[in-house]
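All remarks here apply to the structure that follows.
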Amino acid sequence: MSEDLAAVIAEQLRRSGQTSTVYHSSDERDRLRTAGRQAGRRLDRPVRTFDTAARHPRCDADQCGAVLIALTDWGTNPLERQLAETRANKAIDHALDGP
């Protein structure tokens, strides 16, 4: 299971440099953070995992929050930098065009 999760996270990291997932228990949080580190090893890139430890609005469990997994070297590659700029520009254009 964690290998499949690591593969999914690795693909998300490869595409955008980060991913965030809501957890509902401390075991789930630990599993997400472990899978995030495994994903970094698969990609041979440095990864940091962060636990918000803040209750997520969609969660009614006591131990709820979100785990953020990010490549620490995202954007050092010129293509990744260009991708990030393009996405940011599209988001700005969308916001300016309105609903």
Next item on the list: Just name the residue that is nearest to GLN38 (Cα to Cα) out of those in segment 67-84 that are out of contact with any helix residue (DSSP H, G or I) (no Cβ under 6 Å at 6 or more places or on another chain) and in a strand (DSSP E or B).
Entry: ALA70
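Tally up the residues in segment 32-43 that are open to solvent by 80 Å² or more (accessible area, probe 1.4 Å) and more than 12 Å from ILE69 (Cα to Cα), please. Explain how you work it out, then say what you get.
The initial filter retains those residues of segment 32-43 that are open to solvent by 80 Å² or more (accessible area, probe 1.4 Å), namely 37, 41-42.
Then drop every residue that is not more than 12 Å from ILE69 (Cα to Cα), which leaves 41-42.
Counting residues in segment 32-43 that are open to solvent by 80 Å² or more (accessible area, probe 1.4 Å) and more than 12 Å from ILE69 (Cα to Cα) gives 2.
Residue-wise test of (1) among the basic types (Lys, Arg); (2) modelled with pLDDT of 95 or more; (3) in contact with a Ser or Thr (Cβ under 6 Å, 6 or more places away or on another chain); (4) not in a helix (DSSP H, G or I).
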{"site": "VAL8", "(1), (2), (3), (4)": "no, yes, no, no"}
{"site": "ARG14", "(1), (2), (3), (4)": "yes, no, no, no"}
{"site": "SER20", "(1), (2), (3), (4)": "no, no, no, yes"}
{"site": "ASP27", "(1), (2), (3), (4)": "no, no, no, no"}
{"site": "ARG37", "(1), (2), (3), (4)": "yes, yes, no, no"}
Checklist line | Of all residues in segment 61-73 being open to solvent by 60 Å² or more (accessible area, probe 1.4 Å) and touching a strand residue (DSSP E or B) at 6+ places or on another chain (Cβ under 9 Å), the one that is farthest from ARG29 (Cα to Cα) | finding: THR72
Item checked: Enumeration of residues in segment 6-24 that are under 12 Å from VAL67 (Cβ atoms), open to solvent by less than 40 Å² (accessible area, probe 1.4 Å) and more than 11 Å from the chain's Cα centre (by Cα) -> TYR23
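The values are calculated or read from the model by the stated rules, or taken from the named source; none is laboratory data. Treat the numbers as computed from the prediction; the structure is a model and nothing was measured. All Cβ positions, glycine included, derive from the backbone under ideal geometry; neighbour counts span all protein chains shown. Accessible surface is based on the protein model in full, side chains and every heavy atom, while ligands, DNA and RNA are left aside. Shrake-Rupley method; radii C 1.70, N 1.55, O 1.52, S 1.80 Å.
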